[in-house]
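Report on the following structure.
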Amino acid sequence: MMLSPECVAPTGCMLGEGPMWSETEGFLWWVDIKRAKLHRYNPRTGNTRRYDLPIRASTITLHEGRFLMAGDREIGLF
């Protein structure tokens with residue numbers, strides 16, 4: 001069986017990376033490294049949201065209700 005990928009959130013990322021599924025929220029989160037943005041996709045509604053980041057993060061994880069993110073020269077909470 002051949003699977004075909006389907007774009008569910010056409011956000012126009014320049015360099016989308018670090019996808020993270022939040023089980024408690026039911027959201028998919030990821031970053032656009034080049035534009036320093038955090039994206040959220042809600043599969044129940046199909047809606048997306050975008051947030052400006054203080055750093056060009058390449059990966060994210062949740063830590064005590066906040067995002068811990070790592071960039072090329074720094075690590076920060078958002």
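Every number in this text was worked out from the coordinates using simple rules, so none of it is lab data. Predicted model, so just to flag it, every value in this text is computed and none were measured. Backbone-built Cβ (ideal geometry, glycine too); neighbour counts: all protein chains shown.
A few points about this structure:
- The order of T48, T24, T61, going from fewest to most other C-beta atoms within 10 Å of their C-beta, is T24, T61, T48.
- Here the range 16-77 is assigned +1 on the Cβ of each Lys and Arg and -1 on the Cβ of each Asp and Glu. Its dipole about the Cα centre then comes out at about 280 debye.
- Seen from E17, the other residues with C-beta closer than 14 Å to its C-beta sum to a net charge of +2, counting Lys and Arg as +1 and Asp and Glu as -1.
- Label selected from (i) 98; (ii) 81; (iii) 113, the criterion being volume of the Cα convex hull per residue in Å³ as computed here: (iii)
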